[in-house]
Amino acid sequence: MENQNPNYRPVIGLALVSLILCGLFFPFLITGIAQAVFPDQANGDLAKLPDGRTVGSYLIDNFFTLPVFFHARNESNVLTASASSVDPDITLNQAYLQIPGISKATNISSTSLTSVVNSNVEGTFWIFGSPYVNVLKLNLILINEYPKVYQNFTN
C-alpha cells in the first residue's frame, strides 16, 4: 500500500480566497455603496445641535437622565421597553406620562409639550405596531424651540 500524504493546499487556498472575498472585499464594497447612496444612515444618522456639535444618533437610545428631557426608559412603564434596551423610540403613552415632570422641571406648559409630541409621531406600517416618537428628536426640538430653558443643559 502506498503512503498517501493528505494534500491540504486546496483547502487552505479556498479558505484564504473565501476570507479575502467574504471578509474584506464584500464588506468594503457594501460599505462603499452605503456611503454613496445613504451617507447619513451609513454614518449612524447622527443628530447635531444648531451650533454643529454632534449630540447622538437617532438610531439608538442616548440615555438622557435629566428631568428636563424625555427619556427612552420610563421606569413606571418597563413592560413596553425593548429587549435590547437601546431602542430610541417610546410609545405615545410613555411620552404623555413624562410631560408633567418635564413641564414642572422646565416651566414649559403641558399643552406645548403635548403639541411637540403630537407633531412628531412616527407612523407604523398600515395596522401593524403602535405609533411612537423618537426621544432624541423630541429633545432636540425642545432645545431648539426653548433655547433659554435649555441653554444650561447643552453646554
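Here is a check on your reading of the model: is Ala81 modelled with pLDDT under 85, closer than 28 Å to Phe128 by Cα and either surrounded by 14 or more Cβ atoms within 10 Å (Cβ to Cβ) or not assigned by TED's automatic domain parsing to the domain that holds Val133 (or both)? Yes, satisfied. Six or more apart or on different chains, Cβ under 8 Å: which pairs go from a residue in region 116-138 that's in contact (Cβ under 8 Å) with a residue 12 or more places away in the chain and within 16 Å of Asn62 (Cα to Cα) to one that's in a helix (DSSP H, G or I) and aliphatic (A, V, I, L, M)? Could you list them? Filtered contacts from region 116-138: Val133/Leu92; Val133/Ala95; Val133/Val117; Leu138/Ala95; Leu138/Val116; Leu138/Val117.
Would you check if Thr154 is at pLDDT below 90 and either among the aromatic types (Phe, Trp, Tyr) or at negative phi (or both)? Answer is yes for this residue.
Criterion applied to Gln94, Gln98 was being at pLDDT 90 or above, buried (at least 20 other Cβ atoms within 10 Å of the Cβ) and under 13 Å from Leu66 (Cα atoms), and the one residue passing it is Gln98.
The values are calculated or read from the model by the stated rules, or taken from the named source; none is laboratory data. Note that the coordinates shown come from a computational prediction; the quantities given were computed from them, not determined experimentally. Heads up, the Cβs are rebuilt from the backbone with ideal geometry, glycines too, and the neighbour counts pull from every protein chain shown.
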